[in-house]
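Chemist: Just dropping this structure here.
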Amino acid sequence: MSNDQHTVLRSMHDLGLAAWFGGNLMGAVGLDKAAAAARDSTERTRLSSIGWAAWSPVQGAAIAAHLIGSVGMLRADRGRVATGPGAMANTVVKSALTVAAIGTSIASGALGAKIGAKSPVPSETATDPAPNTPSDVAAAQKGQKPLQWVTPALTGVLIVLAAQQGEQQRTSSTVRGALGAGLTSVKAAVLRSA
């Protein structure tokens, strides 16, 4: 694989993941807070639902770009993943977390769609029901509240693991590690002979 192709794949991986993380975090922090500021309590779920529905196709594209980049990079780096210290474990953990983040994104989207379909309804915030919120919407809101934080948490961990994998690929890190191990062995040999 050429360096240009690898750059495209890495960019898809990183930009897709960044959009997935950032969009969900902004929605949980900013969009839902803005919707909660609506003076009419029946508008809170409606306004939040409009914003999340607008984000949904962008999130789908971000997830797809991330997955295409991830699979392409895995194919390109399969030798390093198989033999590099820690690379296989990192890849397995990243894969499991990616599946979990896709699951939480889908579940959150389904609950949001349920809330949006019944909107406008009275509500304290986008994810906190009021005493007179219909029970099915209240149940969806109670499920949505923790999920809105789980997806950015999972994708945030994926960003950290991707950074770790990037460091594992750096030639200087490999050379430093080999030199450090070699120097440690030399030092131990000198100390044994003394």
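Chemist: So if I place +1 on the C-beta of Lys and Arg and -1 on the C-beta of Asp and Glu, and nothing else carries charge, what would the dipole magnitude of segment 19-77 be about its Cα centre? I want it in debye, nearest 20.
Modeler: Working: 5 positive and 4 negative charges, 17 e Å.
Here segment 19-77 has a charge dipole of around 80 debye.
Chemist: Within the chain, what's the longest run with no trypsin sites (Lys or Arg not before Pro) in a DSSP loop and at most 14 other beta-carbon atoms within 10 Å? Give the range, please.
Modeler: Values: sites that count: ARG39, ARG170.
With trypsin sites (Lys or Arg not before Pro) excluded where exposed in loops, the chain gives 40-169 as its longest stretch.
Chemist: Something else: How big is the convex hull of the Cα atoms of segment 35-92, per residue, in Å³? Kindly include the intermediate steps, with their values, before the conclusion.
Modeler: Values: hull volume 5.5 nm³, N = 58.
Per-residue hull volume (Cα only) is 95 Å³.
Chemist: Let me ask something else about it. On the accessible surface of the chain, probed at 1.4 Å, how many percent belong to carbon and sulfur atoms?
Modeler: Values: 7290 of 10640 Å².
Accessible surface attributable to carbon and sulfur in the chain totals 69 percent.
Chemist: How much accessible area per residue does the chain have, in Å², with a 1.4 Å probe? Mind showing how you got there, number by number?
Modeler: Numbers: 10640 Å² over 194 residues.
On a per-residue basis, 55 Å².
Chemist: Oh, and also: Cα axis of helix 3-26 to longest principal axis of the chain: angle in degrees, 0 to 90, nearest 10?
Modeler: 40 degrees
Chemist: I want to check a number: in the chain, how many lysine pairs have alpha carbons closer than 22 Å, given a sequence separation of 8 or more or different chains? Before the final figure, lay out the partial values.
Modeler: Numbers: LYS33/LYS114; LYS33/LYS118; LYS33/LYS142; LYS33/LYS145; LYS114/LYS142; LYS114/LYS145; LYS118/LYS142; LYS118/LYS145.
Final tally of qualifying lysine pairs is 8.
Chemist: Averaged over all directions, how much area does the convex hull of the C-alpha atoms of segment 7-169 cover when projected, in nm²?
Modeler: Details: hull surface 36.4 nm².
Orientation-averaged projected area of the Cα hull: 9.1 nm².
The values are calculated or read from the model by the stated rules, or taken from the named source; none is laboratory data. Because the structure is a prediction, the values reported are computed rather than measured. All Cβ positions, even for glycine, are placed from backbone atoms using ideal geometry, and neighbour counts span all protein chains on display. Quick note on the areas: whole protein, heavy atoms, side chains included, nothing else; ligands and nucleic acids left out. Shrake-Rupley method; radii C 1.70, N 1.55, O 1.52, S 1.80 Å.
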